[in-house]
């Protein structure tokens, strides 16, 4: 029983820290479907069975190649293709990750996500945005499109995530340095 508990704990850590990157790299964040759910389930099962993941090991061990304000950029190589990819982390935590075109906020382990409300700088809060099925399944909300572009130009993001269980979770991010970190992600060092 203790071994199973440890495996589930490791799976939870993997979901918290690494699913966000997998979603972004595979394009799962924009709608989902049966293939997406099957792929996520397969990844979760592989982690439970093996107790580890190549992707998780790569990102956790990936070197920090740039640091701007509270944002750091980690660079990892795909073990099969040697293709570089980068992710910006907020405060070296894996629950907030920025890729080339999306920012994921993971609430995994907190009861699932239903929606998010964003507030940039001191402007009024935006309308609540509902989580799509995949975001609900993995417990992470993606900030995309116009909101992502605004994220790159703003100095502060306050957000409020409505959880399926447990109420609200608030966050307040210092965005100073994110635009510079994003430029690194979009550069040659990161495969672009």
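The values are calculated or read from the model by the stated rules, or taken from the named source; none is laboratory data. Nothing here was measured: the structure is a model prediction, and the numbers come from that model. Backbone-built Cβ (ideal geometry, glycine too); neighbour counts: all protein chains shown.
So which residues in segment 110-151 are buried (at least 17 other Cβ atoms within 10 Å of the Cβ), without any contact (Cβ under 8 Å) to a residue 40 or more places away in the chain and within 18 Å of residue 98 (Cβ to Cβ), if there are any at all?
Matches in segment 110-151: 120, 141, 147, 150.
From (1) modelled with pLDDT of 95 or more; (2) over 27 Å from residue 85 (Cα atoms), pick out the condition that doesn't hold for residue 110.
All conditions are met except number (1).
From the list 183, 160, exactly one residue is farther than 18 Å from residue 95 by Cα and modelled with pLDDT of 95 or more. Which is it?
Answer to the check: 183.
Quick one: residue 154 ticks every box in (1) crowded, with 17+ Cβ neighbours inside 10 Å; (2) touching a helix residue (DSSP H, G or I) at 6+ places or on another chain (Cβ under 8 Å); (3) at pLDDT 95 or above bar one, so which box is it?
The number of the failed condition is (2).
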